[in-house]
Amino acid sequence: MSNRTLTMIKPDAMKNGFSGAILDMIINAGFRIVALKQTKLSTEKAGEFYAVHKERPFYGELVDFMSSGVIIAAILEKENAVADFRTLIGATNPANADEGTIRKKYATSLGENAVHGSDSDENAKIEGDFFFSALEKF
Ligand code: ATP
Ligand code: MG
């Protein structure tokens, strides 16, 4: 069981003005912010982040979308962080997301679904290191 996960508030939610409300939900759900920054991914960096999906038909669309605007990246800490955060964000497709989840409230569509959450402890570590140096984590 891990105690850290990595999230991104994706370009759709940033453009729609939901970043404050989403961070509020995250903090109210008991996650502590270990690191946080606003940044913008180049297509190259977005492609690297989602490299696991390289062979999928939606990869190009995903990379274009994730590099289309600014994002907020954050490392979050809580007992059972990876699984509990996936519960908080809801299903990948907001049409299938439970009531009260971040994606149900704030996502636009399957492709533009407001937030990212790591899917394993191993990826949480890799993704945290992708965005943050040791000097940026507290
Ligand atoms: P994320 O990794 O962003 O937290 P996820 O783990 O819920 O999302 P993944 O299977 O990792 O879902 O897919 C990564 C992203 O690719 C999804 O968030 C979604 O925006 C996009 N995606 C996934 N499946 C499809 C699809 N069938 N068509 C279009 N886009 C898709
Ligand atoms: Mg994923």
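The values are calculated or read from the model by the stated rules, or taken from the named source; none is laboratory data. Keep in mind that what you see is a predicted model, and the values were worked out from it rather than measured. Backbone-built Cβ (ideal geometry, glycine too); neighbour counts: all protein chains shown. The accessibility values were calculated without ligands, DNA or RNA, using every heavy atom of the protein model including side chains. Shrake-Rupley method; radii C 1.70, N 1.55, O 1.52, S 1.80 Å.
When the GluC sites (Glu not before Pro) in the stretch 17-69 are filtered for DSSP coil states and for at most 15 other beta-carbon atoms within 10 Å of their beta-carbon, the remaining sites are E55. Applied to the stretch 97-111, the Karplus parametrisation 6.51 cos²θ - 1.76 cosθ + 1.60 on θ = phi - 60° returns per-residue 3J(HN,Hα) values of 6, 5, 4, x, 7, 4, 5, 4, 7, 10, 7, 8, 6, 4, x Hz, with x for Gly and Pro. Between S120 and A21, take the C-beta separation as r, use R0 = 30 Å, and let me know the FRET efficiency to the nearest 0.05. The calculated FRET efficiency here is 0.65.
Relative contact order of the chain, please, whole-number percent, based on alpha carbon pairs below 8 angstrom and at least 6 residues apart. Taking the mean separation of contacting Cα pairs over the length of the chain, I get 39 percent. When every Cα-Cα distance of the chain is counted in 10 angstrom steps from zero, the calculated P(r) takes the values 13, 45, 38, 4 percent. Cut-off under 19 Å on the C-alpha distance; same-chain residues fewer than 8 positions from K125 excluded. Which aspartates and glutamates are left, in chain and number order? The reachable aspartates and glutamates, counting only those whose Cα sits under 19 Å from K125, are E48, E77, E79, D84, E136. Accessible area per residue was computed with a 1.4 Å probe on protein heavy atoms; D119 scores about 100 Å². Helical content of the chain, expressed as a calculated mean residue ellipticity at 222 nm, amounts to -10500 deg cm²/dmol (DSSP H runs of 4 or more residues, -39,500 (n - 2.57) each, divided by residue number, nearest 500). Label reach from E77 (point 7 Å along Cα→C-beta): in the stretch 4-33, amide nitrogens under 17 Å belong to 4-7, 27-33. The length gained by stretching the chain between E136 and E44 to full extension, at 0.36 nm per residue less their Cα-Cα distance, is 30.8 nm. Cα centroid separation, the stretch 1-73 to the stretch 93-124: 10 Å. Using only side-chain charges placed at the Cβ, +1 for Lys and Arg and -1 for Asp and Glu, the dipole size of the stretch 4-133 relative to its Cα centre rounds to 300 debye.
On a 18 Å Cα-Cα criterion, which of the cross-link pairs K15/K54; K15/K45; K10/K37; K10/K105; K40/K104 come out too long? As for pairs spanning more than 18 Å Cα to Cα, those are K15/K54; K15/K45; K40/K104.
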